[in-house]
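K.L.:
To start, I am sharing the structure in question, which I have written as structure tokens.
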Amino acid sequence: MSNHLFSPIQVGSLSLANRIIMGSMHTGLDHSEDPFGRLAAFYKERAEGGVALIVTGGVSPNEQGLISPGSMKLTNVEQLPSYKIITDTVHQAGSKIILQILHAGRYAKQTDLVAPSAIRSPINKFEPKEMSEQDILNTIADFVNCASLAQQAGFDGIELLGSEGYLLNEFTALRTNHRTDRWGGSLENRARFALEIIRAIRQKLGTEFYIQYRMSVLELVEGGWNIEDAQQFAKLLESAGVDLINTGIGWHESSIPTIAMQVPRAAFSWATEKIKQLVDIPVAAANRINTADVANKIIQQGEADMVYLSRPFLADPNFVIKAQQQRTDEINTCIACNQSCLDHLFNFKTVSCLVNPRACHETLLPKLPPAASAQNIAVIGAGAAGLSFAIEAKKNGHHITLYEANTEIGGQLLHAVKVPGKEEFNELLRYFRVMLKKYNINTQLNTKVSLEQLKHGQYDTIVLAAGVVPRLLDIQGIDSPNVFSYEDAFRSPEKIGQTVLIIGAGGIGYDMAEFLTHQDDNMQPIDSFNKSWGIDPTGLQAGALDPSVNRMLKSKRDVTLLQRKAGKFGRSLGKTTGWIHQAELQKCGVTLLGELNYLKIDEAGLHIEKDGIAQVLAADSIIICAGQESRDELTESLKNITNNVYTIGGAKEVRELDAAQAIRDGIELAYTLNT
């Protein structure tokens with residue numbers, strides 16, 4: 001890799017060793033029993049991993065700006081010792097760190113919320129109070145106070161969060177700012193609030209104090225500004241004294257995905273380039289930059305001066321040093337699944353990472369020395385649970401033999417990678433393969449291990465990670481030749497006909513529907529994404545939305561998704577990504593049919609009862625996606641070989657396919673054996 005990513009850069013008063021910024025993330029650790037200690041440990045590992053600059057999660061400058069009650073704020077000197085735990089730790093580890101100041105505005109999940117105008121957000125039940133002139137002046141003073149306290153706490157600067165629909169963004173947007181005074185109306189007036197904050201901080205803390213601003217470039221909401229407005233605002237930021245512009249994409253209430261795995265890599269760097277063209281200060285690109293190659297290319301092509309990576313540092317704290325040492329194949333890549341990060345956050349859990357369960361749990365799962373006494377361990381099953389355990393246990397010094405009945409590793413992940421939009425799971429499979437080789441783990445593929453082999457192996461411990469099999473349904477005619485399990489359908493899609501019924505509307509049912517309805521449009525991924533979601537690739541239309549685009553892409557197959565129960569479809573889908581799956585199926589014309597009973601299957605099709613009326617649904621193919629059953633047929637027999645038998649992943653507990661829990665099971669068991 002050329003050295004564009006690792007060339008030093010001077011940004012304001014900061015001399016940075018490389019072009020990688022660890023972006024701000026809400027971790028949920030502010031609600032933990034030791035928020036500052038756990039945050040310090042979290043940032044420390046990333047600093048030791050070589051990142052040049054770290055941005056904290058959002059910290060409010062006052063009570064009204066809190067995202068939710070109990071979230072982090074910095075408002076008085078009594079709080080400084082707590083924040084110094086973070087800054088001292090990061091500086092000792094060799095990195096710089098800045099405080100992100102976030103005022104939630106109308107996104108605040110509390111009753112005492114404020115906004116430029118009293119307009120409720122569609123994603124918040126609380127209605128904000130319109131800020132008075134004095135409220136605005138007081139809030140500017142609160143921002144200045146917070147920045148001053150950040151400096152006293154040892155932070156190397158601040159980031160002002162002016163994108164994604166938070167308070168600063170609400171002032172700049174006509175969509176949320178209906179004021180008629182000097183804080184509303186023209187772009188100059190709408191920009192006044194942010195610019196006054198920057199100028200006041202500069203006046204208080206001097207020209208050497210580092211300020212970066214995360215501005216909204218593409219808003220992706222109706223009534224949002226266009227790229228020319230964004231460029232004009234960027235020039236105003238530069239003249240006000242900002243040291244770096246970080247380019248935010250979309251609002252939280254936008255109906256277009258911006259960070260999920262369905263979004264192509266570097267999908268929005270073209271918009272960042274349009275800002276960079278007009279300002280002389282450095283500009284950072286963000287959103288869906290998850291590999292060193294993609295990051296390097298953005299800088300090499302002149303689209304940005306720096307890259308702003310957040311979730312990739314959940315996935316691998318050593319992202320930077322591995323890339324710098326030409327070990328990119330060893331990077332545990334963020335797959336943008338949202339399952340353990342944003343889904344956890346919106347369910348009021350501590351954030352973590354599907355591919356790295358230690359993320360945000362560094363003090364609970366600390367790095368361990370090699371085991372005092374190495375065990376000889378057999379692992380049965382090379383799916384997500386077995387692989388994660390085998391690799392972690394081998395790193396901890398144990399001797400591992402990994403048995404897999406199939407000809408390749410991956411288990412259920414081998415199905416996931418076939419689903420359109422889920423190709424990023426290939427990165428996880430790649431990482432597992434590299435780690436098996438790196439740690440020289442004895443992997444026996446195409447081997448359905450026998451009890452005799454296990455006895456002969458003289459194993460101290462046996463770990464059963466044999467996973468799951470599709471659950472069979474007790475329906476007359478289920479053995480008909482046109483009925484397939486989801487595994488059969490994924491393996492042999494050419495056998496699936498044109499009229500398809502999918503029984504089961506959980507995650508696997510949705511995946512199957514997307515798999516069967518997807519059509520390649522022969523466009524480049526970013527062009528295809530823009531067309532599919534109605535994004536104006538020039539950015540010139542309001543909100544960068546193109547209402548003229550026909551987003552419907554009727555599938556060549558006629559697919560119906562069925563569920564027995566009543567109520568809303570997709571309730572088991574991810575909290576932050578389920579709506580994307582729903583929208584994709586709607587665009588492809590998939591029919592949803594619920595609240596019914598399955599009677600039988602025959603040559604006429606699937607006989608059902610709905611609303612007390614029997615009817616027949618004709619079908620060329622019927623695919624069963626009605627859950628899974630454990631593939632645990634060995635546990636009792638294994639106890640005759642050793643008392644140390646552990647079951648993890650789907651073999652332990654049958655759930656909707658859950659790679660996050662499977663990997664967590666494997667990691668936690670490996671830790672248990674060493675403690």
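K.L.:
Just the number, please: Stokes-Einstein D of the range 375-429 in µm²/s, Kirkwood Rh from C-alpha pairs, 4 °C, 1.567 mPa s.
P.N.:
The Stokes-Einstein estimate is 108 µm²/s.
K.L.:
Sort out for me the Cα centre separation of the range 554-573 from the range 13-56, rounded to whole Å.
P.N.:
41
K.L.:
With helices defined as uninterrupted DSSP H runs, which ones in the chain have an alpha carbon span along their own long axis of at least 18 Å and mean Kyte-Doolittle hydropathy of at least 0.0?
P.N.:
Helices meeting the span and hydropathy rule in the chain are 133-152, 659-674.
K.L.:
Can you give me the pair-distance distribution of the range 459-527, C-alpha pairs, 10 Å bins, whole percents?
P.N.:
14, 40, 24, 14, 7, 1
K.L.:
Check the straight Cα-Cα distances from Lys109 and name the lysines below 19 Å, setting aside those fewer than 8 residues away within the same chain.
P.N.:
Lys73, Lys125, Lys129, Lys349, Lys575
K.L.:
Looking at the range 1-89, which trypsin sites (Lys or Arg not before Pro) are in a loop (DSSP not H, G, I, E or B) and have at most 14 other Cβ atoms within 10 Å?
P.N.:
Sparse-neighbourhood loop trypsin sites (Lys or Arg not before Pro): none present.
K.L.:
So what is log10(I(q)/I(0)) for the range 492-591 at q = 0.16, 0.21 1/Å, when the Debye sum runs over its Cα atoms only?
P.N.:
So the normalised log intensities work out to -0.77, -1.12.
K.L.:
Each label point is 7 Å from the Cα along the Cα-to-Cβ direction; what then is the distance between the points at Ser132 and Lys448, in nm?
P.N.:
The answer from the label model is 7.8 nm.
K.L.:
Further question on the same structure: Relative to the Cα centre, what is the charge dipole magnitude of the chain, using +1 at the beta carbon of each Lys and Arg, -1 at the beta carbon of each Asp and Glu, and rounding to the nearest 20 debye?
P.N.:
Value, rounded to 20: 600 debye.
K.L.:
Calculate, for Gln615 and Ala141, the FRET efficiency according to 1/(1 + (r/R0)^6) with r their C-beta to C-beta distance and R0 56 Å; round to the nearest 0.05.
P.N.:
0.25
K.L.:
On to the next question. Arg491 label point, 7 Å along Cα→Cβ, cut-off 11 Å on backbone N: hits in the range 393-435?
P.N.:
Under cut-off, by backbone N: 406-407.
K.L.:
Quick one: what Rg and Dmax do you get for the range 555-624 from the alpha carbons, in Å?
P.N.:
So, for the range 555-624, Rg and Dmax equal 13.4, 40 Å respectively.
K.L.:
Lys/Arg Cβ at +1, Asp/Glu Cβ at -1, dipole of the range 3-346 taken about the Cα centre: which of Ser82, Gln100, Asn318 is farthest positive-ward?
P.N.:
Ranked along the dipole, the leading option is Asn318.
K.L.:
Still on this structure, please answer the following. Extending each Cα 7 Å along its Cβ direction at Asp88 and Ser373, get the distance between those two points in nm, one decimal.
P.N.:
Distance between the two pseudo-spin positions: 4.0 nm.
K.L.:
Could you pull out the trypsin sites (Lys or Arg not before Pro) across the range 312-410 that fall in loop regions by DSSP (anything but H, G, I, E, B) with no more than 14 other Cβ atoms inside 10 Å?
P.N.:
Arg327, Lys349, Lys367
K.L.:
Between Asn406 and Ser637, 0.36 nm times their residue separation minus their Cα-Cα distance comes to what?
P.N.:
Full-extension gain reported as 81.0 nm.
K.L.:
Just to compare against my own numbers: the Cα pair-distance distribution for the range 255-401, 10 Å bins, whole % per bin, please.
P.N.:
Answer for the range 255-401: a P(r) of 10, 30, 32, 18, 7, 2, 0 percent.
K.L.:
Shifting gears a bit: Within the range 86-158, list the trypsin sites (Lys or Arg not before Pro) lying in a DSSP loop whose Cβ has at most 10 other Cβ atoms in a 10 Å radius.
P.N.:
Lys125
K.L.:
Using R₀ = 35 Å, calculate the FRET efficiency as 1/(1 + (r/R₀)^6) where r is the Cβ-Cβ separation of Val469 and Asp527; round to 0.05.
P.N.:
The calculated FRET efficiency here is 0.30.
K.L.:
Report the convex hull volume per residue for the range 374-532, counting only C-alpha atoms, in Å³.
P.N.:
Hull volume over Cα atoms, normalised by residue count, gives 158 Å³.
K.L.:
Further question on the same structure: Going by Cα centres, the range 503-531 and the range 306-338 are how many Å apart?
P.N.:
Between the Cα centres of the range 503-531 and the range 306-338 lies a distance of 27 Å.
K.L.:
Now for a different question. What is the distance, in nm, between label points placed 7 Å from the Cα along the Cα-to-Cβ direction at Thr180 and at Lys568?
P.N.:
A separation of 3.9 nm, rounded to one decimal place.
K.L.:
Going 7 Å from the Cα of His456 toward and past its Cβ, which residues in the range 386-424 have a backbone nitrogen under 11 Å from where you end up?
P.N.:
From the range 386-424, the list is empty.
K.L.:
Run lengths n ≥ 4 of DSSP H only: what is the helix-derived mean residue ellipticity at 222 nm for the chain, with -39500 (n - 2.57) per run over all residues, to the nearest 500?
P.N.:
One gets -9000 deg cm²/dmol as the mean residue ellipticity at 222 nm.
K.L.:
Take the Cα pairs of the range 134-210, get the Kirkwood Rh, then feed it into Stokes-Einstein at 37 °C and 0.692 mPa s and tell me D in µm²/s.
P.N.:
251
K.L.:
Rg/Rh for the range 3-346 to two decimals, with Rh computed the Kirkwood way over all alpha-carbon pairs.
P.N.:
Reported Rg/Rh, Kirkwood definition of Rh: 0.93.
K.L.:
Longer than 20 Å from Cα to Cα, which of Lys274/Lys322; Lys322/Lys395; Lys44/Lys84 are they? Say none if no pair is.
P.N.:
Beyond 20 Å: Lys274/Lys322.
K.L.:
Given R₀ = 41 Å, FRET efficiency for Lys556-Arg433 by Cβ-Cβ distance, to 0.05?
P.N.:
0.75
K.L.:
Same structure, new question: Give me the Debye-computed log₁₀ of I(q)/I(0) at q = 0.06, 0.11 Å⁻¹ for the chain, equal point scatterers on Cα only, no solvent, two decimals.
P.N.:
-0.37, -1.17
All of the numbers you see were taken from the coordinates with simple rules; none came from a lab. Predicted, not measured: the structure shown is a model, and the values here were computed from it. All Cβ positions, glycine included, derive from the backbone under ideal geometry; neighbour counts span all protein chains shown.
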